[in-house]
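Nothing in this text is a laboratory measurement; each read-out follows from the coordinates by a stated rule. Just so it is clear, the structure is predicted and the values come from calculations on it, not from any experiment. We place every Cβ from the backbone using ideal geometry, glycine too, and count neighbours over all the protein chains shown.
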Amino acid sequence: MIYMDHSATSPVDPEVFEAMKPYFVDNFGNASTLYSLGRDARKAMEAAREQVASLIGAKPEEVIFTSGGTESDNIAIKGTVYRLKNKGNHIITSAIEHPAVRETCKYLEKNGFEVTYLPVYEEGIVRVSDLEDAITDKTILITIMHANNEIGTIQPIAEIGKIARENKIYFHTDAVQTIGKIPVNVEEMNVDMLSLSAHKVYGPKGIGALYVKKGVRLEPIIHGGGHEKGLRPGTENVSGIVGLGKACELAEKNLLEDAKYITNLRDKLIDGILNSIEQSYLDGHRTKRLPNNVNLRFTGIEGESLVLHLDSKGVAASTGSACSSKSLEPSHVLIALGLEHVEAHGSLRLTLGKENTEEEVDYVITAVKEVVETLRKLSPLWCAIPGAERRE
Amino acid sequence: MIYMDHSATSPVDPEVFEAMKPYFVDNFGNASTLYSLGRDARKAMEAAREQVASLIGAKPEEVIFTSGGTESDNIAIKGTVYRLKNKGNHIITSAIEHPAVRETCKYLEKNGFEVTYLPVYEEGIVRVSDLEDAITDKTILITIMHANNEIGTIQPIAEIGKIARENKIYFHTDAVQTIGKIPVNVEEMNVDMLSLSAHKVYGPKGIGALYVKKGVRLEPIIHGGGHEKGLRPGTENVSGIVGLGKACELAEKNLLEDAKYITNLRDKLIDGILNSIEQSYLDGHRTKRLPNNVNLRFTGIEGESLVLHLDSKGVAASTGSACSSKSLEPSHVLIALGLEHVEAHGSLRLTLGKENTEEEVDYVITAVKEVVETLRKLSPLWCAIPGAERRE
Amino acid sequence: MYSDKVMDHFQNPRNVGEIEDADGVGTVGNPTCGDLMTIYIKVKDNVIEDVKFKTFGCGAAIATSSMITEMAVGKTIEEALAITRNDVADELEGLPPVKMHCSNLAADALHAAIDNYKEKMGEKKPEDRCKDICSCGK
Ligand SMILES: Cc1ncc(COP(=O)(O)O)c(C=O)c1O
Ligand SMILES: Cc1ncc(COP(=O)(O)O)c(C=O)c1O
Ligand code: FES
Ligand code: FES
């Protein structure tokens, strides 16, 4: 199998798994207990906290472990606005956030908050001038993702953070897709909160972290035994935390080298497909995008069919087509780019990882071409496109 | 090491770990994706859902995966009362709930809800007549734990559930401490929601489940990508879920045998200590308690010291002493039994597991006796107790 | 997610294409919603002799189109009209709940083709139809 869906999840790096292994059967202690088994677990946890902090340029005590990116986003957003609800009720976000942020905002809109969704234009990037225009004296939170999970576009976080600071507004960024892929530094990015998740960076699923800048106080959304400074109670997932820590350590070590290697594969893949398939288009900015993200669209083709055919050719990929989603709504990200529904249906996302090779990229270019041709033969839309070759 | 803190957490059963292993490095697929790697993950998840459902007598579609017991409790309680807040604002719980329930109730009290904490009397068990008296036409939720995590007392859940049904009030029980230890059947117990956690039953940490009876609707507390019927969004922790499923399967298979074996150890441990140490007392009902729970108290002794000394003798145990807690408050559970603060400070909890042996029990009886004697030699309280032997 | 039979029809769709001199053509769906289906029928002595389809849509949409062409061929017009939306899904050994509308689409397309045949509207040239159904504005 050729796995090109790394933005959905990544395999656990064998080194990460080795690091986690002792914390299941043998070193199984509860990290909040007094005896040595518990203290050992605590030590492992705190070492992991340092590894996470190091990757993002934070202090260990600014890192809170959570059950994943979704929870981190929820804690950051609800935790801030519930605390500050007496100060204001306005939130600014972008039109292309992950559902963990977007649905949280939608929920808050139903509960007395107002949300501005900044547009991203054709290139998929918010404009700082729009942000400045959107700020009111009721604005209590700005939450804008570092890079988008579907189209990979990178947002001007440091600039946004600067404006947030100047206006004394809390600023959260969802960096789930960026850690380990491009440099992430909480100081340089001027963020107050930052979400990350282990399973996007060769760590295990079900564990993530939230950076909370020293001095920033949040209201918890889950209550219980006071773990993680009361922000995330529940018996600590020690093996998961150790895995997250190790994944961050590896990510930090290999970041630049991996990014270079993967960017090269990405460009080969984009050019290969655009050049060999007529009426194929790239979604999102050509260069201000994640090293590993390729998002394309093919006239006359529906994405779920494309993904299923690629699967039978041994290629794992994803789509923003409505038909592949539970709600039968097309991707809000593609719509935010100004695409028509029918165009959004034809999208294909290929997200690369460090274990992909040039040969795999070549194979995928050919496979996509074949599948697109097969599906266009079935498509009543294709024949209708002026200029398209008709089969006789 | 002799591990007697199974109510804090348990080792992962090697069979459980074997079941989980493939889902890290190799079968790492995102269970919400279309291609075969994702579909395989989904299948494994759904098989686990059946295993969990089977243990508690539920239908698979009534089981929602969460990140642990704390989150399950929070979803059940907040999810119910937020939905029903227009119907009423009164919650009934017990005085001895785990912080996951207790702190959630305290938080809700600060946000417009009223909470009745039913007393548990000396034996640590709520009385159904108190419950009946507490119900008002504003009562929207009853949440009472199946068995207590500190003193192991088992609550009359089926009776409580019957009353809840008769009064058309939603009923949640925290069964984190009971699954795998005593029979748990959602039908017989008349519950609408039930929380459980894998790591108390030889499964991994950071994964749990919430049973939600068909037809019961909850408001999510975490928003995002719509996973788990929208009640618990976030990329599914497949390895954790597989581990939970396997742990439940083993628990179901071994329940009666394990319970018998462990009850026998428990009784030996209780009698051995009570008989060999003067002014030692058992907390909670003698028989209506979990097969694995021993909770004792020794006049003149502080629990943290006790636990640390036992640790140096190779025994892992815990205490309800305030000195071991973050807040320096003694256990609310022991206080609810009517104990004085000074008595609550002297508590020792030993919770057994299937891998404990008779020899270990014998060793622990001796070790506790030695440690109690050592500490009493240091204790200004001990000599002050009338009738106690004075050291000269 | 999909049964083996759905996957089989998706991967090896039967009766793909157009019938140049079709006796009835039915198009349903809307590309904006991600699905568009055209079914062509050839009728002789009240019996459907040949069926072909073209579909833009998900795996279920393609599989249901293919399935219904197999189900319709050889049937009388009345028998074909009696094929219900559920029959298609059943014949495919079930569809995920969210995909049931795709099977509706297939049955509807067949019925639309039969209606078209009945109304003797089959004289338009396929090229024109192709233009008519493309509402994506390109
Ligand atoms: C940008 C972004 N934010 C948040 C999440 C949610 O993370 P998790 O699945 O760990 O909850 C994801 C991935 O699913 C993501 O890509
Ligand atoms: C009775 C009870 N409820 C809830 C919990 C919380 O479970 P978890 O630690 O998995 O969040 C525990 C254990 O810590 C418990 O004993
Ligand atoms: S064509 Fe969209 S769901 Fe089937
Ligand atoms: S005696 Fe030190 S905390 Fe209680």
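Estimate the FRET efficiency between B:Glu15 and C:Asp115 by the formula 1/(1 + (r/R0)^6), using the beta-carbon distance for r and 60 Å for R0, to the nearest 0.05. Efficiency, from the Cβ-Cβ distance: 0.45. Within the straight-line cut-off of under 17 Å between alpha carbons, the lysines reachable from C:Lys118 are C:Lys42, C:Lys44, C:Lys75, sequence neighbours fewer than 8 places apart in one chain being disregarded. Highest mobility in the GNM of chain B, judged by mean-square fluctuation with C-alpha springs under 10 Å and restricted to B:Gly284, B:Gly161, B:Gly112, is found for B:Gly112. Sorting A:Met4, B:Met189 by the number of Cβ atoms found within 10 Å of their own Cβ, with the fewest placed first, yields B:Met189, A:Met4. Expressed to the nearest 5 percent, the antiparallel share of DSSP beta bridges inside region A:37-193 is 5 percent. 3J(HN,Hα) couplings calculated from phi for region B:168-185 with the Karplus curve 6.51 cos²θ - 1.76 cosθ + 1.60 (θ = phi - 60°) are, in sequence order, 6, 10, 5, 10, 10, 10, 8, 9, 4, 8, 9, 4, x, 10, 9, x, 10, 9 Hz; Gly and Pro show x. Neighbouring Cβ atoms from other chains, within 10 Å of the Cβ of residues in A:119-130, number 0 on average.
For chain A, the relative contact order works out to 21 percent when only alpha carbon pairs closer than 8 Å and six or more residues apart are counted. According to the calculation over all Cα-Cα pairs in chain B, the P(r) per 10 Å bin from zero is 5, 23, 30, 24, 13, 4, 1, 0 %. A simple spin-label model places the labels of B:Asp362 and C:Asp4 5.9 nm from each other, with each point 7 Å out along Cα-to-Cβ.
Among B:Asp26, B:Asp13, B:Asp283, which one moves the most in a GNM of chain B with springs linking Cα atoms closer than 10 Å? With Cα springs under 10 Å in chain B, the top fluctuation among B:Asp26, B:Asp13, B:Asp283 is at B:Asp26.
Test of understanding: extend the Cα→C-beta vector of B:Asn167 to 7 Å, then name every residue of region B:99-115 with backbone N under 14 Å from that spot. Answer for this model: B:114-115. Among the trypsin sites (Lys or Arg not before Pro) found in region A:301-361, not one is both in a DSSP coil and sparsely packed, with 11 or fewer other Cβ atoms within 10 Å of its Cβ. Quick note on region B:1-160: its Rg to Rh ratio, both from C-alpha atoms and Rh being the Kirkwood radius, is 1.05. Across region B:255-384, the fraction of Cα-Cα pairs farther apart than 22 Å, rounded to a whole number, is 33%. Each residue of region B:119-132 was assigned a 3J(HN,Hα) from its phi angle through the Karplus curve 6.51 cos²θ - 1.76 cosθ + 1.60 (θ = phi - 60°); the sequence is x, 10, 6, 4, 7, x, 9, 6, 10, 4, 5, 5, 4, 4 Hz, with glycine and proline shown as x. Other residues whose C-beta falls under 14 angstrom from the C-beta of B:Pro183 contribute a net charge of -2, scoring Lys and Arg +1 and Asp and Glu -1. Take each residue in A:197-207, count the other chain C-beta atoms within 10 Å of its C-beta, and the mean is 5. Amide H contacts of A:Val115: A:Ile91, each under 5 Å away and 5 or more positions distant or on a separate chain (H built 1.01 Å from N in the peptide plane; Pro and chain starts excluded).
For B:Lys168, the lysines whose Cα falls under 29 Å of its own Cα, not counting residues fewer than eight places away in the same chain, are A:Lys110, B:Lys59, B:Lys78, B:Lys85, B:Lys87, B:Lys106, B:Lys110, B:Lys138, B:Lys213, B:Lys214, B:Lys229, B:Lys288. Net charge in the neighbourhood of B:Met145 (other residues with Cβ under 12 Å of its Cβ; Lys, Arg +1, Asp, Glu -1) is -3. Karplus-based coupling profile of region B:31-44, in residue order and whole Hz: 5, 9, 9, 8, 7, 4, 4, x, 5, 5, 4, 4, 4, 4, with θ = phi - 60° in 6.51 cos²θ - 1.76 cosθ + 1.60 and x standing for Gly or Pro.
For peptide A:223-231, compute the average count of partner chain beta-carbon atoms within 10 Å of each residue's beta-carbon. Present the calculation step by step, with values, prior to reporting the outcome.
Working: counts 15, 13, 9, 5, 3, 0, 1, 2, 0.
Averaged over the peptide's residues, the number is 5.
Once Rh is set to the Kirkwood radius over Cα pairs, what Stokes-Einstein translational diffusion coefficient, in µm²/s, holds for the protein assembly as shown at a temperature of 4 °C and a viscosity of 1.567 mPa s? Please list the in-between numbers first.
On the way: Rh = 29.8 Å.
This corresponds to a translational diffusion coefficient of 43 µm²/s.
Extending 7 Å from Cα along the Cβ direction at B:Asp271 and again at B:Arg83 yields two label points whose distance is 4.8 nm.
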